[in-house]
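Everything below concerns the one structure shown next.
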Amino acid sequence: MAEPFRGELIKGFVSARNALVEQGALAVGISGAGPTLFAVTTELAEAKNYEQYLNEHYLQSENGFAHICRIAPQGAKHLD
């Protein structure tokens, strides 16, 4: 939802999104209001390529980082 309004305001987001989609990402978007972004793939090797791309082309400071996370295969669930 934030992307149409925030995407152009986040330095490097549009080019990063386009590059990751060209590399095969299933989805790329802004997390929250940005500048955090996420990319989705089913392959660890692709995730590592995306991580490397983001480290080289998207991070703006030494405080930034790229991290590979795993999505729970069963999706959301209720925890007691």
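The number of residues in the stretch 51-70 that are among the hydroxyl-bearing types (Ser, Thr, Tyr) and either over 11 Å from residue 16 (Cβ atoms) or in contact with a His (Cβ under 8 Å, 6 or more places away or on another chain) (or both) comes to 1.
Listed by first and then second residue, the pairs with beta-carbon distance under 9 Å, at least 6 apart or on different chains, first residue in the stretch 31-58 and in contact (Cβ under 8 Å) with a residue 12 or more places away in the chain and among the hydroxyl-bearing types (Ser, Thr, Tyr), second in a helix (DSSP H, G or I) and surrounded by fewer than 18 Cβ atoms within 10 Å (Cβ to Cβ), are 41/49; 58/15.
Of the candidates 36, 41, the single residue that is in contact with a strand residue (DSSP E or B) (Cβ under 8 Å, 6 or more places away or on another chain), surrounded by 10 or more Cβ atoms within 10 Å (Cβ to Cβ) and within 15 Å of residue 16 (Cβ to Cβ) is 36.
Determine if the stretch 16-29 includes at least one residue that is in contact with a strand residue (DSSP E or B) (Cβ under 9 Å, 6 or more places away or on another chain) and touching a residue at least 40 places away in the same chain (Cβ under 8 Å). Scanning the stretch 16-29 turns up at least one residue that is in contact with a strand residue (DSSP E or B) (Cβ under 9 Å, 6 or more places away or on another chain) and touching a residue at least 40 places away in the same chain (Cβ under 8 Å). Looking at the stretch 44-60, which of the residues that are at pLDDT 95 or above and aliphatic (A, V, I, L, M) is surrounded by the fewest Cβ atoms within 10 Å (Cβ to Cβ)? Per the criteria, the residue is 45.
The values are calculated or read from the model by the stated rules, or taken from the named source; none is laboratory data. The structure presented is a predicted model; accordingly, all values stated were derived computationally and were not measured. Backbone-built Cβ (ideal geometry, glycine too); neighbour counts: all protein chains shown.
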